[in-house]
Amino acid sequence: MRKEQIGNATLYHGDCLEILHSLGKLDVVITDPPYGMNFVSNYCKNKYSKIENDHNSDIAKNVIDWAIANAKNAVYVFGRWENINDYPEPKSVITWVKNNWSMGDLKHEHARQTELIFFYPCSEHSFLGKRPADIVCADKSGNEYHPTEKPEVLMRKIIGWTNGKVVLDPFMGSGTTGVACIELGRKFIGIEISEKYFDIACKRIEIANAQGDLFRQAV
């Protein structure tokens with residue numbers, strides 16, 4: 001296991017199933033786990049290799065079970081409609097509306113312009129600000145860093161719904177949740193099993209942290 005500390009971000013390179021139990025209770029979990037569909041993108045300009053552990057949805061379910069038991073404020077988990085029966089029953093299902101559609105069955109399926117986010121309130125849950133709607137609009141990212149990369153603006157919105165100081169992402173990927181946390185002044189814990197994406201996340205969060213320092217100095 002490798003551990004990096006970048007400002008208020010603590011990053012672990014390793015298997016989240018092995019690391020989570022050492023973390024104890026925390027505030028918020030926001031994550032985009034492997035969906036168990038062996039996703040490989042051939043549509044984007046940059047072709048990507050298979051996502052680690054995307055062959056087994058049980059891994060995501062185990063992590064979600066842990067998150068619900070250990071988060072104090074809230075758990076938000078990205079998924080697809082196929083995952084509804086794989087995960088614990090959520091309190092709300094939020095629909096993320098994108099600016100374009102995903103690939104799928106081009107002849108016998110409606111073009112997908114949405115993705116789901118499962119919401120689980122925890123024992124100390126409260127919304128930060130007014131109660132948010134269950135639809136959120138954000139342009140899809142260009143997947144510059146990761147094949148299932150989420151846009152920073154979307155992650156800032158989700159984090160902004162929560163009233164917690166520490167955010168955990170057990171499937172950190174290229175670190176977008178961490179970048180959004182730095183921008184919002186939240187503490188972040190991220191775990192990523194792929195060395196390639198862990199290194200990308202470290203670089204992105206280093207840049208975000210440096211930009212935050214420059215902004216604070218200017219003020």
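Below, the figures for the structure above:
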{"read-out": "Residue under evaluation residue 113, criteria (1) free of Cβ contacts under 8 Å to residues at least 40 places away in the same chain; (2) surrounded by fewer than 13 Cβ atoms within 10 Å (Cβ to Cβ); (3) over 18 Å from the mean Cα position of the chain (by Cα), criterion not met", "value": "(2)"}
{"read-out": "In segment 72-102, the residues that are part of a loop (DSSP other than H, G, I, E, B) and either acidic (Asp, Glu) or loosely packed, with under 11 Cβ neighbours inside 10 Å (or both)", "value": "85, 86, 89"}
{"read-out": "Residue within segment 116-127 that is free of Cβ contacts under 8 Å to residues at least 24 places away in the same chain and at negative phi present", "value": "no"}
{"read-out": "Failed item in (1) in contact with a Lys or Arg (Cβ under 7 Å, 6 or more places away or on another chain); (2) in a loop (DSSP other than H, G, I, E, B), with residue 120 passing the rest", "value": "(2)"}
{"read-out": "Close pairs (8 angstrom Cβ cut-off, 6 or more residues apart or separate chains): closer than 12 Å to residue 198 by Cβ in segment 4-33, assigned to a strand (DSSP E or B) and of a type in the set (Lys, Arg) anywhere", "value": "11/3; 12/2; 12/3; 13/2; 13/3; 14/2"}
{"read-out": "Restricting segment 169-203 to residues that are in contact with a strand residue (DSSP E or B) (Cβ under 7 Å, 6 or more places away or on another chain), among the small types (Gly, Ala, Ser) and part of a loop (DSSP other than H, G, I, E, B), the residue that is surrounded by the fewest Cβ atoms within 10 Å (Cβ to Cβ)", "value": "173"}
{"read-out": "Which numbered condition residue 97 misses (of (1) of a type outside the set (Ser, Thr, Tyr); (2) closer than 27 Å to residue 20 by Cα; (3) touching a Cys at 6+ places or on another chain (Cβ under 7 Å))", "value": "(2)"}
{"read-out": "Criterion (at pLDDT below 85 and at positive phi) met by exactly one of 46, 42, 83, 53", "value": "53"}
{"read-out": "Near pairs, Cβ below 7 angstrom, 6+ apart or cross-chain, from segment 143-156 (at pLDDT below 70) to any residue that is surrounded by fewer than 17 Cβ atoms within 10 Å (Cβ to Cβ) and in a loop (DSSP other than H, G, I, E, B)", "value": "143/44"}
{"read-out": "Which listed residue is part of a loop (DSSP other than H, G, I, E, B) and under 20 Å from residue 63 (Cβ atoms), from 107, 150", "value": "150"}
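The values are calculated or read from the model by the stated rules, or taken from the named source; none is laboratory data. Please read these numbers as outputs of a predicted model, since none were measured by experiment. Virtual Cβ from ideal backbone geometry, glycine too; neighbours counted across all protein chains shown.
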